[in-house]
Amino acid sequence: MDVLELARWQFGITTVYHFLMVPLTIGLAVLVAGMQTAWVRTGHEKYLRMTKFWGKLLLVNFAMGVVTGIVQEFQFGMAWSEYSRFVGDVFGAPLAMEGLVAFFVESTFLGLWIFGWDRLPKRVHLACAWAFSLATIASAYFILAANSWMQHPVGVELVDGKPRLTSIWAVLTNNTALAAIPHTVAGCFAVAGAFLVGIGGWHLWRRRDDDGPVWRASVRYGGWVGVVAFSALAITGDVQGKLMFEQQPMKMAAAEALCHTEQPASFSIFAIGDVTRPDCENVKSITVPALLSFLAHNDFNSEVRGIEDLVQEYRDRYGANYPVDDRLGELSGKPIDYVPNLPVTYWGFRLMIGFGALAALAAVGVLWVTRRGRIPRGKWFPIAVLGGIATPFLANSFGWIFTEMGRQPFVVVPNPSGVDGVWMFTARGVSGLTTGEVWTSLIALTLVYGALAVVEVFLIAKYVRGGVAGVMPPKPPDKTDDDQLAFAY
Amino acid sequence: MELADVWFCVIAVLWLGYIFLEGFDFGVGMLLPVLAKDNTERRVMINTIGPVWDGNEVWLLVAGGATFAAFPGWYASLFSGTYIPLVLFLVALIGRGVAFEYRGKVDSDRWRRTWDRIITGGSLVAAIGVGLLISTTVFGLPLDGNGNRVGSPFAAITAESLLGAVALVGFALVHGAVFIALKTDGDIRHRARAFASRVGPWALLPLAGLLVLVQLHSGAWWTWAAVAVVLVAAALAFERLSAVREGQAFAALGVAVVATVVALFGALYPNVLPSTLDPAYSLTVADTASSPYTLKVMSWVALFGTPAVLVYQGWTYWVFRKRVSTAHIPPVHVP
């Protein structure tokens, strides 16, 4: 493998891994703030116990999200220095804003929240929880604004061959970002909802402790959050899809493995055989007639452009061959492959939708079987709800793999209605490193991440088994040690 | 003064905040096996930074992000040029970050010992990384005309950069010990103060050496003056420490950090990353800066964002201002 491939694997591995922690943090933070609000307003012990229990799991997970996030920010400069030079005038701003406006708030107020129990006034402490959790969403906003600019560059002019920012407002209100943000945030809530349902459901079913009301409330809360989140995912996903047909037609053609332009175009549900080009001629696909046309343009009879047409257009507009340049390595002077990796985009798209739908069904199902005080008794229930935790995680990961692989070979995708020349091939973005360097970091980070994944899952499982009692130390009857910290590492 | 020059100062201030704040975090981590005699004392030490270490680390992220936004060429050349040291730095930051959170989550000596080693080792390696990075920034890398490093992946490992690494480790040890003396009570407070008084002057020698070396390399009269301020402030810190005024000693060290950053970044300006191959290839403020519009946008964000950060981070330190002692540490409670 060359530096380009290694750097791409590294970015993929570290990003997918980071985005396992992030959605759980974002979703759970807001849900825990909600629990604490319920406690402050009603004074019910049940809500305090919920806050403490889920808050602890949030912390175990947050630590991992923070440390893996540092790698993300450094990686652009380290492994993608040409990319950083090219986009720096635009792309750095939302990243810096994320740090200054959102991440400072997150980490400071989380510290206050963890250590502020019994020390800060109740309402101030609650405000810290909200400051923290809303800041996580603000973080998501800035990062997605940066990512959306790579998918659909706006607000720039071309000066000396590089994009130069002309309107930060355009970047922050990029319609790609405005569609991606609710979709991604809804995905975060889907994760958190399934987490509450899975763990709360398991405890509810076990009936080993006196916290039945805590677990029931958690399951119902998680179930409703899931239902709302999945409705939002479907709606925002549709909006995003329509934008993508317009802004990145190749990505959507690749999502469907649609070789030829069709009118009306049918939506492929499932394919048998290899979707890799040029074999896509021989793929047997189970399709719904005209549905793709509707998804693309709200019109069952519209034309959807296929890969072959688009390849021709891309060659005409962006060149048939890579320039001859040593830094492009093996790709120097070679023909440009404008088709993304079809098996990945085709199946990534379907797995995203499939796992999402499965998780949505699970949320509805769990609300049904726990209605009006019912507790399911079958052995299937814990397996279903615990297994269900994985589904929105998988849907998120496949969604991101699809959307990032679907923009290849570009790292900055040309905007069809934007400024000419504002685009970059992934192959041009990589740093001039040796393969040894990137191998070193790839192996080191993968090993560390792997080991930490084991530790995190072990700790979460331990705290899950411990229930609420495991996170709420019994209050000493005498008040002699008032000095003790309510929480200490 | 151009906006790009202002942003050069902003980047210096962000590094200043990071070195000042995470400097004592690193020190606390490195001194864990030195100052604490048992698990409760180790917990006392860790809890002095417990509520704040994460917020302190954000200064690094913002320094990185702001360099990307304001000086993309600087960010790209420095980070790709020091790739391997940065990987080690990141792994160390990852390890110590989760270690704070995870060490108390299982009630077993072996478990705690493992994470304590990661905290200590991670703090040491991370401090080395910061020192190396800053020293490399000032002394430069073998950059070609495109700002790319030529030569070996270890080009950033030089005598000067290693001196920078040792200097930062030494400073973090002193800073951490004074911080522990300021934030704890009981035996550990006295041990920390004694350590800082005894080892401190020696531990700051590499920093003094680095500063003088930098000034000989590319100093001006006012950066020499900053070096003098560093020395005076450090001497004052030790004097105040012997008078058992830990707060004043800590403040004096803060002045030393400010002067250190002035001495280093002042000597660097107008370069941001010199080329050791040819001065013509050196990256400068003017040619790596983002467009005036981007800088203007970022200035507004910084103008409103930074005071807010200072206020609420300051408030955190106020909320957790009480000294921690072994009596404050609750018994271990895990599921």
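The values are calculated or read from the model by the stated rules, or taken from the named source; none is laboratory data. These numbers were taken from a predicted model, which means no experiment stands behind them. For neighbour counting, all protein chains shown are included, and Cβ atoms are generated from backbone atoms with ideal geometry for every residue, glycine included.
Only one entry of B:Glu57, B:Glu41 meets the criterion of being acidic (Asp, Glu) and facing another protein chain (nearest Cβ under 8 Å), and that entry is B:Glu57. Within segment A:432-447, the presence of a residue that is more than 10 Å from chain B (Cβ to nearest Cβ), in a helix (DSSP H, G or I), over 13 Å from B:Ile94 (Cα atoms) and under 23 Å from the mean Cα position of the chain (by Cα) is excluded. Does A:Thr403 count as surrounded by fewer than 21 Cβ atoms within 10 Å (Cβ to Cβ), in a helix (DSSP H, G or I) and at negative phi? Here the answer is no, as A:Thr403 does not meet what is asked. Screening A:Leu485, A:Leu445 for residues that are within 30 Å of B:Arg321 (Cα to Cα) and in contact with a helix residue (DSSP H, G or I) (Cβ under 7 Å, 6 or more places away or on another chain) leaves exactly one candidate, A:Leu485. Out of (1) at pLDDT below 80; (2) part of a helix (DSSP H, G or I); (3) within 28 Å of A:Ala229 (Cα to Cα), what's the single condition that is false for A:Phe349? Failed condition: (1).
Here B:Leu132 meets the list (1) touching a helix residue (DSSP H, G or I) at 6+ places or on another chain (Cβ under 9 Å); (2) more than 9 Å from every other protein chain (Cβ to nearest Cβ); (3) surrounded by fewer than 24 Cβ atoms within 10 Å (Cβ to Cβ); (4) under 26 Å from B:Val257 (Cα atoms) almost entirely, failing just condition (3). Within segment B:233-275, being in a helix (DSSP H, G or I), closer than 26 Å to B:Gly147 by Cβ and of a type in the set (Gly, Ala, Ser) holds for B:Ala263, B:Gly266, B:Ala267. Scanning segment B:93-116 for residues that are more than 7 Å from chain A (Cβ to nearest Cβ) and assigned to a helix (DSSP H, G or I) returns B:Gly95, B:Arg96, B:Ala99, B:Asp109, B:Arg110, B:Trp111, B:Arg112, B:Arg113, B:Thr114, B:Trp115, B:Asp116.
Note on segment A:73-101: among residues that are facing chain B (nearest Cβ under 7 Å) and polar (S, T, N, Q), the one that is surrounded by the most Cβ atoms within 10 Å (Cβ to Cβ) is A:Ser81.
For segment B:155-165, indicate whether the set of residues that are within 20 Å of B:Val28 (Cβ to Cβ) and not hydroxyl-bearing (Ser, Thr, Tyr) is non-empty. The answer is yes, given that some residue of segment B:155-165 is within 20 Å of B:Val28 (Cβ to Cβ) and not hydroxyl-bearing (Ser, Thr, Tyr). Any residue that is at the interface with chain B (Cβ under 8 Å from one of its Cβ atoms), at negative phi and surrounded by fewer than 24 Cβ atoms within 10 Å (Cβ to Cβ) - is there at least one of those in segment A:14-22? No, there is no match, as no residue in segment A:14-22 is at the interface with chain B (Cβ under 8 Å from one of its Cβ atoms), at negative phi and surrounded by fewer than 24 Cβ atoms within 10 Å (Cβ to Cβ).
Out of A:Gly467, A:Gly429, one residue alone is in contact (Cβ under 8 Å) with a residue 40 or more places away in the chain, within 12 Å of another protein chain (Cβ to nearest Cβ) and touching a strand residue (DSSP E or B) at 6+ places or on another chain (Cβ under 9 Å). It is A:Gly429. B:Thr120 satisfies every condition listed in (1) away from chain A (no Cβ under 14 Å); (2) not in a helix (DSSP H, G or I) except (2).
Restricting to segment B:66-92, and then to whatever is over 17 Å from A:Phe76 (Cβ atoms) and free of Cβ contacts under 8 Å to residues at least 40 places away in the same chain, can you tell me which residue is nearest to the other protein chains (Cβ to nearest Cβ)? By that ranking, first place goes to B:Val91. Filtering segment B:135-165 down to residues that are free of Cβ contacts under 8 Å to residues at least 40 places away in the same chain and within 28 Å of B:Ala177 (Cα to Cα), which residue is farthest from the other protein chains (Cβ to nearest Cβ)? Across segment B:135-165, the extreme among qualifying residues is B:Ala159.
For segment B:234-274, filtered to residues that are free of Cβ contacts under 8 Å to residues at least 24 places away in the same chain and of a type in the set (Gly, Ala, Ser), the residue that is surrounded by the fewest Cβ atoms within 10 Å (Cβ to Cβ) is B:Ala243. Within segment B:291-335, track down each residue that is assigned to a helix (DSSP H, G or I), more than 7 Å from chain A (Cβ to nearest Cβ) and crowded, with 18+ Cβ neighbours inside 10 Å. Once the filter is applied, which keeps residues that are assigned to a helix (DSSP H, G or I), more than 7 Å from chain A (Cβ to nearest Cβ) and crowded, with 18+ Cβ neighbours inside 10 Å, segment B:291-335 yields only B:Leu295. With respect to the conditions (1) of a type in the set (A, V, I, L, M); (2) more than 10 Å from chain B (Cβ to nearest Cβ); (3) closer than 30 Å to A:Asp209 by Cβ; (4) part of a loop (DSSP other than H, G, I, E, B), A:Ala384 lacks only one, and its number is (4).
Exactly one residue among B:Arg96, B:Arg103 is surrounded by fewer than 24 Cβ atoms within 10 Å (Cβ to Cβ) and not aliphatic (A, V, I, L, M), and that residue is B:Arg103.
Among the conditions (1) at pLDDT 95 or above; (2) under 28 Å from A:Ser431 (Cα atoms), B:Gly121 misses just one, which is (2). Condition check for B:Leu231 on (1) exposed (fewer than 15 other Cβ atoms within 10 Å of the Cβ); (2) closer than 14 Å to B:Ala259 by Cβ: one failure, at (1).
Within segment A:151-162, is even one residue touching a Cys at 6+ places or on another chain (Cβ under 8 Å) and either facing another protein chain (nearest Cβ under 10 Å) or among the hydrophobic types (A, V, I, L, M, F, W, C) (or both)? Looking for residues that are touching a Cys at 6+ places or on another chain (Cβ under 8 Å) and either facing another protein chain (nearest Cβ under 10 Å) or among the hydrophobic types (A, V, I, L, M, F, W, C) (or both), one finds none in segment A:151-162, hence no. The residue of segment A:297-320 that is nearest to the chain's Cα centre (by Cα), among those that are in a helix (DSSP H, G or I) and more than 13 Å from A:Leu258 (Cα to Cα), is A:His297. Annotation note: of A:Gly69, A:Gly77, A:Gly88, the sole residue that is under 18 Å from the mean Cα position of the chain (by Cα) and assigned to a helix (DSSP H, G or I) is A:Gly69.
So that you can scan it fast, the table gives a plain yes or no per residue for (1) part of a loop (DSSP other than H, G, I, E, B); (2) in contact (Cβ under 8 Å) with a residue 60 or more places away in the chain; (3) over 18 Å from A:His44 (Cβ atoms); (4) in contact with a strand residue (DSSP E or B) (Cβ under 7 Å, 6 or more places away or on another chain):
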position: A:Ala170; (1), (2), (3), (4): no, no, yes, no
position: A:Ala177; (1), (2), (3), (4): no, no, yes, no
position: A:Ile181; (1), (2), (3), (4): no, no, yes, no
position: A:Ala186; (1), (2), (3), (4): no, no, yes, no
position: A:Phe195; (1), (2), (3), (4): no, yes, yes, no
position: A:Trp202; (1), (2), (3), (4): no, yes, yes, no
position: A:Asp209; (1), (2), (3), (4): yes, yes, no, no
position: A:Arg220; (1), (2), (3), (4): no, yes, no, no
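For A:Leu243, indicate whether it is surrounded by fewer than 23 Cβ atoms within 10 Å (Cβ to Cβ), in contact (Cβ under 8 Å) with a residue 12 or more places away in the chain and closer than 25 Å to A:Gly187 by Cβ. When the stated conditions are applied, A:Leu243 passes them. Looking across B:Val174, B:Val166, one residue alone is surrounded by fewer than 24 Cβ atoms within 10 Å (Cβ to Cβ), modelled with pLDDT of 90 or more and of a type outside the set (Asp, Glu). It is B:Val166. Cβ-Cβ distance below 8 Å, separation of 6 or more or different chains: which pairs start in segment A:102-131 with a residue that is at the interface with another protein chain (Cβ under 7 Å from one of its Cβ atoms) and end on one that is among the polar types (S, T, N, Q)? Within 8 Å, the pairs are A:Phe103/A:Ser139; A:Phe104/B:Gln313; A:Thr108/B:Gln313; A:Thr108/B:Thr316; A:Gly111/B:Thr316; A:Leu112/B:Thr316.
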